[in-house]
Amino acid sequence: MKFGYFTLTDNPPAYGATRRDPNQFLLDVVEECSVAEELGYHSAWVPEHHFGLFGCLPAPATFLAYVAARTKRIQLAPATVLLPCDHPLRVAENFALLDLLSNGRAVFSAGRGYDKREYDAFEVPFEESRDRFTEGLDLLRIAWTQEEFTYKGRFYTIAEPVTCLPRPIQKPHPPIYVACFSRPTVEMAAEQGFHTLFAPFAAAMMFGSVGAAVQSYRELAAKHGYTDARAKCSYFVGVVDTKEEELRTKERLRHYLHSVLPAFPGDRASAPPHIAYFADIVERLQKMKAEDFGERSVVTGDPETCIATLKKCEAAGIEEVILYFNFGGFSHRDTLKAMERFARDVMPHFA
């Protein structure tokens, strides 16, 4: 099992006086991505979030192209592209260009998102997010696999033949992952032959565990003829030495989650039906105390404890875990130390 560096650049208004300068924060993340390669991480995953409502990185393809110029080996991925709020052809061009400039190191991941405020600002109807997402993925894959094509859908029409340039280096295209927070999204990914990216907390709510989620996804994919169904998951992480440090890590996670709750649909009555399950997530998170967070949410404890938790992911068939170190206002210096500690004390046990 491989490991990647992951951040959502969380910096919401609820952090108040402890909010980081967003410009410096992004420059720090550039360095963290570069250090990740030096430490032996397999990949670097950065987000798409707009207007400082949650995170502060709005253009992952641009950011990753800069990281590509500073690195040689590490895979470069968005976590995740807010596909319904952009034109799929534009996204296809941007990530094909990233694949070219990085010499075939691009990984693509997309999601529907959950923050209605971003949809409103871009004047995209939030209630259309699922249908726009499904159609957008279809069009994006066609753009990468057909040199000249037209398209007729509900949201996108390409009347005259066009070609996406440049062409991706990887054939037939960079790996495509779908961020899965709901059972219908898992089913869509399996039916269409896309790979999956799970958040353990959401996977546990949907299927009981990450392992059960992966098994269900792969069984569904196999029924549709896709035998190369791959799954990654993301995890908050903090390797520590004492129970006090472990509790502080969980308190930082609780601070993070409570501060970003305004981004989630919290009212089941007003949320579109296909995303109303987030109300259940919000309700559960609001009730949780720091000590309630276990291995469904965070990998923390001494190295042996972290290894044991991650071995369960490996046994479940997870190909890679992408690790979120700098959540909850964790400083750049502390993040680099945490990355080094994980690479030294945990990663070798999965070589």
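The values are calculated or read from the model by the stated rules, or taken from the named source; none is laboratory data. Keep in mind that this is a model prediction, so the values were computed, not measured. Positions of Cβ are backbone-derived with ideal geometry, glycine not excepted, and every protein chain shown enters the neighbour counts.
Here are the numbers for the structure shown:
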quantity	calculated
Candidates L165, L140, filtered to the one that is out of contact with any strand residue (DSSP E or B) (no Cβ under 7 Å at 6 or more places or on another chain), aliphatic (A, V, I, L, M) and exposed (fewer than 15 other Cβ atoms within 10 Å of the Cβ)	L165
Boolean, L323 is within 24 Å of V214 (Cβ to Cβ) and modelled with pLDDT under 95	no
Verdict on A159 being more than 19 Å from L83 (Cβ to Cβ), of a type outside the set (D, E) and crowded, with 21+ Cβ neighbours inside 10 Å	no
Any hit, the range 301-311, residues being touching a strand residue (DSSP E or B) at 6+ places or on another chain (Cβ under 8 Å), of a type in the set (D, E) and more than 21 Å from R117 (Cα to Cα)	yes
Scope the range 136-168; condition touching a residue at least 24 places away in the same chain (Cβ under 8 Å) and among the acidic types (D, E); matching residues	D138
Check on F54, in a helix (DSSP H, G or I), surrounded by 17 or more Cβ atoms within 10 Å (Cβ to Cβ), touching a residue at least 12 places away in the same chain (Cβ under 8 Å) and among the aromatic types (F, W, Y)	no
Test result for A14, under 26 Å from G238 (Cβ atoms), in contact with a Leu (Cβ under 9 Å, 6 or more places away or on another chain), in contact (Cβ under 8 Å) with a residue 40 or more places away in the chain and crowded, with 23+ Cβ neighbours inside 10 Å	no
Failed criterion for P174 (all others in (1) crowded, with 23+ Cβ neighbours inside 10 Å; (2) at pLDDT below 95 hold)	(2)
Pick from the range 210-259, criterion among the basic types (K, R) and closer than 22 Å to T80 by Cβ, ranking: nearest to the chain's Cα centre (by Cα)	K232
Which listed residue, of T150, T196, is in contact with a Cys (Cβ under 6 Å, 6 or more places away or on another chain), not hydrophobic (A, V, I, L, M, F, W, C) and not in a helix (DSSP H, G or I)	T196
Among the candidates K232, K243, K312, residue that is in contact with a Leu (Cβ under 6 Å, 6 or more places away or on another chain) and more than 26 Å from R19 (Cβ to Cβ)	K232
Some residue of the range 176-192 being assigned to a loop (DSSP other than H, G, I, E, B) and basic (K, R)	no
Long-range neighbours under 8 Å by Cβ, at least six apart or interchain, first residue among the β-branched types (V, I, T) within the range 335-351, second assigned to a helix (DSSP H, G or I) and surrounded by fewer than 18 Cβ atoms within 10 Å (Cβ to Cβ)	V346/P303
